[in-house]
Amino acid sequence: MGAPPAIVKSYHSFSSDFSLTGTDGQVIRAVLAVGTVTPMMSIEPTGPGVPARGSLAFIADGGADSVIRVRAREISRLIDATTTSPALLIELAAEMNARFGAPWQAGANGDSVASADFVRMWRHVVAIFRAEDVINVAWVWSASAGNPYTNRPTGAQHWNWQDRYYPGDDVVDMVGIHAFNDPRSQGAWVPFEELVDGDAADHMFTDLLERHPTKGLIFGELATDEHPRSRNAKARWITNAFARVRACPAIRAVVWFDMRKERDWRIASSSRSWRAFRKAAYSSTASRASPDSWYEATAWPPR
């Protein structure tokens with residue numbers, strides 16, 4: 001990209017070894033050593049003895065305390081000499097309102113009662129970390145855009161509404177959104193604004209800004225696949241998305257999900273995409289606004 005990233009995100013669990021010699025610990029140490037880059041640790045609440053079903057209540061009731069304390073002490077040692085504040089970001093149990101079968105999501109925790117147990121779990125984990133002097137961190141609460149149980153604006157009327165999972169201002173430093181434009185699974189090419197704040201997204205972006213105006217917002221994961229029939233669509237999507245991001249001071253950071261996983265989310269999935277990202281994210285001439293005329297809400301595949 002021609003410039004270093006501000007954040008490097010990695011993925012872990014309660015099984016991860018964050019000691020100074022452990023694999024995960026060495027990853028975080030390497031990022032911290034750069035000095036100008038902040039590690040973002042996405043921690044999944046799974047690990048030794050944690051059941052696949054009912055894990056939220058299990059953790060909240062103290063069932064995993066011993067292993068969580070070990071992880072907290074290891075992380076405390078990692079950041080002990082780091083003066084940058086925060087030394088790192090911890091994103092705990094992200095996409096809790098999604099529906100892909102993760103042990104910390106509603107499907108494995110009683111559906112309508114899951115949000116209450118999620119809140120208890122989150123507060124319990126943070127309390128353990130603070131008791132172990134892990135204080136130079138920012139806790140990031142990240143939900144999936146929208147409500148996958150309704151895919152329409154139901155808000156607080158539905159038990160899976162994202163804000164039901166919010167554990168409280170005293171244990172959250174930043175609120176986040178994960179959003180992916182996937183024309184194959186969505187059946188349409190979805191513009192950035194619609195993806196994060198449209199009807200199907202339950203107007204999540206606006207809601208978070210209104211409910212948590214002092215927290216700052218981070219896109220903990222953001223990406224788009226290539227359009228199946230347009231070589232320029234991904235580049236234009238990126239240009240528009242970053243123009244919207246730059247126009248909103250409440251957005252503190254964007255983490256691009258630069259992987260070829262379910263789809264080709266990578267920045268460099270094409271030369272057009274790569275050039276657009278480099279200009280939109282790093283160029284001093286990047287636009288703060290862009291026209292919407294290129295939008296095509298054409299269903300895919302065509303009927």
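Would you tally the residues in the range 33-66 being among the aliphatic types (A, V, I, L, M) and touching an Asp or Glu at 6+ places or on another chain (Cβ under 9 Å)?
Step one: list which residues in the range 33-66 are among the aliphatic types (A, V, I, L, M), which gives 33-34, 37, 40-41, 43, 50, 52, 56-57, 59-60, 64.
Filter once more, keeping what is touching an Asp or Glu at 6+ places or on another chain (Cβ under 9 Å): 40-41, 43, 56-57, 59-60.
Matching residues across the range 33-66 total 7.
So how many residues does the range 87-114 have that are open to solvent by less than 10 Å² (accessible area, probe 1.4 Å), under 12 Å from TYR165 (Cβ atoms) and not aliphatic (A, V, I, L, M)?
Here the count works out to 2.
Conditions: (1) open to solvent by 10 Å² or more (accessible area, probe 1.4 Å); (2) touching a residue at least 60 places away in the same chain (Cβ under 8 Å). SER15 meets all but one. Number of the miss?
Result: SER15 fails condition (2) only.
Mind checking which helices (runs of 4 or more DSSP H) fall wholly inside the range 197-303 and carry at least 2 residues that are over 28 Å from ALA3 (Cα atoms), modelled with pLDDT of 95 or more and open to solvent by less than 30 Å² (accessible area, probe 1.4 Å)? Break it down into steps so the answer makes sense when it comes.
Numbers: elements: 204-211, 233-246, 271-282.
Those helices (runs of 4 or more DSSP H) span 204-211.
One residue is enough: does the range 170-183 have a residue meeting the conditions assigned to a helix (DSSP H, G or I) and modelled with pLDDT of 95 or more?
Here is the first cut: in the range 170-183, the residues assigned to a helix (DSSP H, G or I) are 170-171, 183.
Filter once more, keeping what is modelled with pLDDT of 95 or more: 170-171.
Yes; the residues of the range 170-183 include at least one that is assigned to a helix (DSSP H, G or I) and modelled with pLDDT of 95 or more.
Right, VAL27: surrounded by 15 or more Cβ atoms within 10 Å (Cβ to Cβ) and of a type in the set (A, V, I, L, M, F, W, C) or not? Let's see the steps before the verdict.
Numbers: surrounded by 15 or more Cβ atoms within 10 Å (Cβ to Cβ): yes; of a type in the set (A, V, I, L, M, F, W, C): yes.
The answer is yes for VAL27.
So the check is Cβ under 8 Å with 6+ separation or different chains; which pairs have a first residue in the range 187-212 that's under 21 Å from PRO249 (Cα atoms) and a second one that's outside any loop (DSSP other than H, G, I, E, B) and hydroxyl-bearing (Ser, Thr, Tyr)?
Correct list of pairs: ASP197/THR206.
Can you say whether VAL34 is surrounded by 14 or more Cβ atoms within 10 Å (Cβ to Cβ), farther than 27 Å from GLN162 by Cβ, of a type in the set (Val, Ile, Thr) and out of contact with any helix residue (DSSP H, G or I) (no Cβ under 6 Å at 6 or more places or on another chain), as far as the supplied structure shows? Explain how you work it out, then say what you get.
On the way: surrounded by 14 or more Cβ atoms within 10 Å (Cβ to Cβ): no; farther than 27 Å from GLN162 by Cβ: yes; of a type in the set (Val, Ile, Thr): yes; out of contact with any helix residue (DSSP H, G or I) (no Cβ under 6 Å at 6 or more places or on another chain): yes.
For VAL34, the condition - surrounded by 14 or more Cβ atoms within 10 Å (Cβ to Cβ), farther than 27 Å from GLN162 by Cβ, of a type in the set (Val, Ile, Thr) and out of contact with any helix residue (DSSP H, G or I) (no Cβ under 6 Å at 6 or more places or on another chain) - is not met.
Please name all residue pairs, on different chains or six or more residues apart, with Cβ atoms under 7 Å, provided the first residue is in the range 225-251 and is within 30 Å of THR214 (Cβ to Cβ) and the second residue is part of a loop (DSSP other than H, G, I, E, B) and not small (Gly, Ala, Ser).
ASN240/PRO191; ALA243/ARG288; ARG246/ARG288; ALA247/ARG288
Filter the range 127-141 down to residues that are under 15 Å from THR83 (Cα atoms) and open to solvent by 60 Å² or more (accessible area, probe 1.4 Å) and give me whichever is modelled with the lowest pLDDT. Don't jump to the end; show me each part of the working.
Restricting attention to the range 127-141, the residues satisfying the condition of being under 15 Å from THR83 (Cα atoms) are 133-138.
Checking which are open to solvent by 60 Å² or more (accessible area, probe 1.4 Å) leaves us with 133, 135.
Numbers: ASP133: 94, ILE135: 91.
Here the residue is ILE135.
Can you confirm whether the range 63-86 contains a residue that is in a loop (DSSP other than H, G, I, E, B), modelled with pLDDT of 95 or more and either surrounded by fewer than 20 Cβ atoms within 10 Å (Cβ to Cβ) or over 22 Å from the mean Cα position of the chain (by Cα) (or both)? So that I can check it myself, show each step before the final result.
Step one: list which residues in the range 63-86 are in a loop (DSSP other than H, G, I, E, B), which gives 63-64, 79-86.
If we keep only those that are modelled with pLDDT of 95 or more too, we end up with 63-64.
Right, trim to either surrounded by fewer than 20 Cβ atoms within 10 Å (Cβ to Cβ) or over 22 Å from the mean Cα position of the chain (by Cα) (or both) and you get 63-64.
Within the range 63-86, one or more residues are in a loop (DSSP other than H, G, I, E, B), modelled with pLDDT of 95 or more and either surrounded by fewer than 20 Cβ atoms within 10 Å (Cβ to Cβ) or over 22 Å from the mean Cα position of the chain (by Cα) (or both).
Checking SER66 against (1) of a type in the set (Gly, Ala, Ser); (2) more than 15 Å from VAL137 (Cβ to Cβ); (3) in contact (Cβ under 8 Å) with a residue 12 or more places away in the chain: exactly one of these is not met. Which one?
(3)
The values are calculated or read from the model by the stated rules, or taken from the named source; none is laboratory data. Just so it is clear, the model here is predicted, and its values are computed rather than measured. Every residue, glycine as well, gets a Cβ built from its backbone with ideal geometry; the counts of neighbours run over all protein chains shown. Surface accessibility is based on the protein's heavy atoms, side chains included, excluding ligands, DNA and RNA. Shrake-Rupley method; radii C 1.70, N 1.55, O 1.52, S 1.80 Å.
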